[in-house]
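We did not get these values from a lab; they are worked out from the coordinates using the rules stated. Keep in mind the model is a prediction, meaning the values are calculated, not measured. Here Cβ is always computed from backbone atoms with ideal geometry, including for glycine, and neighbour counts include all displayed protein chains.
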């Protein structure tokens with residue numbers, strides 16, 4: 001193989017890899033990137049039951065209820081709209097009323113949101129940044145120092 | 001007293017300014033005296049940085065709350081270990097550790113590089129110095145750990161409880177030794193571009209230094225993963241979190257660099273590519289520092305957010321990445337081309353490895369930065385999660401892993417793929433059997449699981465096959481084969497061991513992901529639950545008072561077949577009053593390579609919320625990492641590397657900072 005042939009082979013090989021990676025990336029971003037929504041966004045957004053999303057907001061005061069066998073239901077709100085969430089598992093240490101929260105899961109056929117993970121940040125004055133920024137945009141931000 | 005630390009840091013900056021200019025000018029002018037400045041100045045810079053770090057550590061040990069940094073991150077009741085590890089458990093202190101390690105590597109180059117060509121040594125140290133200067137400025141201007149408070153508070157605000165763990169003593173120093181260790185091959189690459197030539201000494205130096213950094217980075221990532229696993233109480237070991245990706249990208253690029261450096265060292269081919277990879281690897285380390293330290297991401301690693309810091313690091317990032325890549329574009333064409341090789345050859349295999357690894361790095365890069373980019377441009381928030389990486393990263397890794405055993409079996413320059421395949425027949429058969437047995441055991445319910453087990457066995461047996469083939473097992477008498485086996489170069493053992501470790505990690509991942517089970521339930525005392533045939537009894541909850549926390553400790557018993565207690569497991573929730581925070585301390589019982597993992601939640605009316613996981617072979621994930629580190633270390637001990645390049649001594653000293661920092 002001459003130097004020129006080698007160079008051509010390397011370039012084509014590289015392009016093939018680049019192409020494969022680009023294709024994979026686009027497919028993955030198109031289908032599977034799980035998007036972040038606030039309850040208010042869901043009114044206009046077309047979110048199908050079963051589609052995996054992240055739902056963020058504030059845990060509504062007085063909405064936390066414990067059901068049988070480690071199931072917890074609570075409401076996530078951005079003060080305008082509210083979504084009921086059910087979750088089976090251990091809540092994060094900083095999960096509490098009127099604190100920011102991000103849940104990940106999908107809507108069930110009955111319209112309730114079934115979360116398989118619940119995140120709250122590990123810091124006292126904390127609100128997940130995605131939530132904080134969205135609340136600031138809506139003018140609902142309050143600093144709880 | 002504390003001011004001495006501050007002054008030492010300023011002096012280190014001044015020395016850094018000398019280090020980055022005088023030797024560089026000297027190298028251009030061929031002025032021996034100016035170049036000779038490099039060594040002593042580098043050593044002095046390291047000494048002053050170490051002094052500064054030591055004084056900050058002392059302030060922590062003494063709980064000197066007149067320092068804002070100590071006040072914010074320490075507490076007089078905190079155990080001494082966490083007072084000391086707390087030095088780098090915050091933004092300012094961790095940046096100080098970063099430059100300490102940078103100057104440490106500079107000092108190593110100064111000490112062990114005496115037999116390098118003088119101009120190369122001077123230029124390398126100058127480049128190292130310039131990186132140091134940027135970060136000294138960053139610390140002094142935006143993140144000074146020596147800022148005083150007046151009047152001094154009586155009590156500190158305590159360290160984030162999540163960080164109060166032995167993991168903090170190990171994970172960041174190892175990770176930084178890896179991250180920053182890549183600065184050496186970066187400095188060598190930039191120096192080669194400045195000098196406009198790549199000589200033999202250069203090629204011999206890059207591989208051992210990359211290897212040192214790679215070994216530490218492997219350890220740092222594995223340790224970080226295990227720490228997150230047992231501390232967060234989620235039972236997960238890798239979340240594709242941007243901060244994890246920040247350390248994973250340099251690792252992937254560094255692994256590629258390690259392999260291309262072999263080609264360069266042995267066959268003096270791929271020189272320009274290796275040089276580019278060295279630049280990219282350290283650039284990714286810098287990017288990682290930026291992502292973690294700038295506050296663009298929220299995570300347990302982002303200690304404080306201050307926009308000015310982000311902008312400053314971004315400037316450093318653009319200066320070094322942009323500068324080095326511009327230099328590359330200008331000068332790379334003047335460098336000489338290396339030897340030729342056939343596509344099917346050891347070189348060809350290593351090129352393929354590089355293509356896979358760099359492409360994989362690129363997908364992780366996109367998955368990590370795309371959401372930030374979208375947010376910056378359109379304000380939309382998207383979060384790219386594990387599904388993205390599973391769809392992009394795994395399809396790229398599987399073919400690479402399938403090809404790994406072939407590489408070492410191919411000859412340099414012109415290899416014989418068929419012969420290699422024949423030699424791998426046994427490994428292939430073993431993998432096939434393993435996959436079929438797995439499929440049989442699980443009733444064919446998961447093709448991926450069976451394939452995964454087969455892949456892991458293929459990797460493990462395949463890497464051992466290389467040793468057997470090189471020893472001539474089956475072709476010569478066993479005694480001769482044994483003599484040959486013992487006489488094999490250590491780097492051959494290193495390669496086999498590192499690839500074996502990779503196989504072990506794959507097995508651990510497959511075991512934990514495909515065969516793991518979990519259950520969530522509420523339990524009352526004396527209640528027994530069963531998970532994958534393991535019977536677990538919840539006994540009671542005991543309150544325990546720790547030095548700076550209160551503990552709600554739940555006692556579980558793993559029961560044997562006759563109801564006897566086989567293992568006691570404690571799982572607890574800790575409350576740290578100073579920060580008003582809870583942490584979860586998972587209860588873990590290791591059975592063979594597998595683990596039973598229990599974390600607890602709150603006590604409700606129907607009992608204690610308990611989440612149990614059974615994780616088969618999970619410890620192999622990190623065990624494989626340790627084996628990879630052992631392989632890398634063994635490769636460093638290779639006799640070949642000791643001739644002309646004192647890598648052996650440098651490796652020994654490279655283990656020092658972990659001790660020093662602790």
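For the peptide A:19-29, the mean number of other protein chain Cβ atoms found within 10 angstrom of a residue's Cβ is 6.
How long are the semi-axes of the equivalent ellipsoid of the stretch B:182-237, taking √(5λ) for every eigenvalue λ of the Cα gyration tensor, in whole Å from largest down? Don't jump to the answer; show the numbers that get you there.
Values: eigenvalues 276, 20, 6 Å².
Result for the stretch B:182-237: semi-axes of 37, 10, 5 Å.
Taken residue by residue and averaged, Cβ atoms of other chains lying within 10 Å of the Cβ of B:316-324 number 0. The P(r) of the stretch B:150-247 has a tail past 20 Å containing 55 percent of all C-alpha pairs. For chain B, the relative contact order comes to 12 percent (Cα pairs under 8 Å, sequence separation of at least 6). With bins 10 Å wide beginning at 0, the percent of Cα pairs of the stretch B:1-162 falling in each bin runs 12, 37, 26, 16, 8, 1.
For the peptides B:317-326, B:578-587, B:254-263, what is the packing order when you average, over each peptide's residues, the other Cβ atoms within 10 Å and list the highest mean first? Let's see the in-between values first.
On the way: B:317-326: 15.5, B:578-587: 19.4, B:254-263: 26.6.
Ranking the peptides B:317-326, B:578-587, B:254-263 by packing returns B:254-263, B:578-587, B:317-326.
Scoring B:478-488, B:144-154, B:422-432, B:51-61 by mean Cβ neighbours within 10 Å over their residues and listing the highest first yields B:51-61, B:422-432, B:144-154, B:478-488. Taking the three principal axes of the alpha carbon atoms in the stretch B:517-615, the coordinate ranges are 44, 32, 23 Å, sorted in descending order.
Per DSSP H run of at least 4 residues, take -39500 (n - 2.57); add these up for the protein assembly as shown, divide by its residues and hand me the 222 nm value, nearest 500 deg cm²/dmol.
Details: 27 runs with 460 residues, N = 807.
Result for the protein assembly as shown, helices only: -19000 deg cm²/dmol.
Separation of the stretch B:1-72 and the stretch B:174-212, taken as the distance between their Cα centroids, equals 22 angstrom.
Distance from the Cα centroid of the stretch A:1-27 to that of the stretch B:340-364 is 11 Å (rounded to whole angstrom). Using the alpha carbons alone, the radius of gyration of chain B stands to its Kirkwood radius in an Rg to Rh ratio of 0.98. Put simply, when B:458-466, B:411-419, B:115-123 are sorted by average Cβ atoms within 10 angstrom per residue, most first, you get B:458-466, B:115-123, B:411-419.
Rg over Rh for the protein assembly as shown works out to 0.97, both radii taken from alpha-carbon positions and Rh defined as the Kirkwood radius.
A simple spin-label model places the labels of residue B:397 and residue A:81 3.6 nm from each other, with each point 7 Å out along Cα-to-Cβ.
Taking every residue in A:87-95 and counting other chain Cβ atoms within 10 Å of its Cβ, the average works out to 6. Computed over the stretch B:406-551, the range of Cα coordinates on each principal axis works out to 66, 45, 30 Å, biggest value leading.
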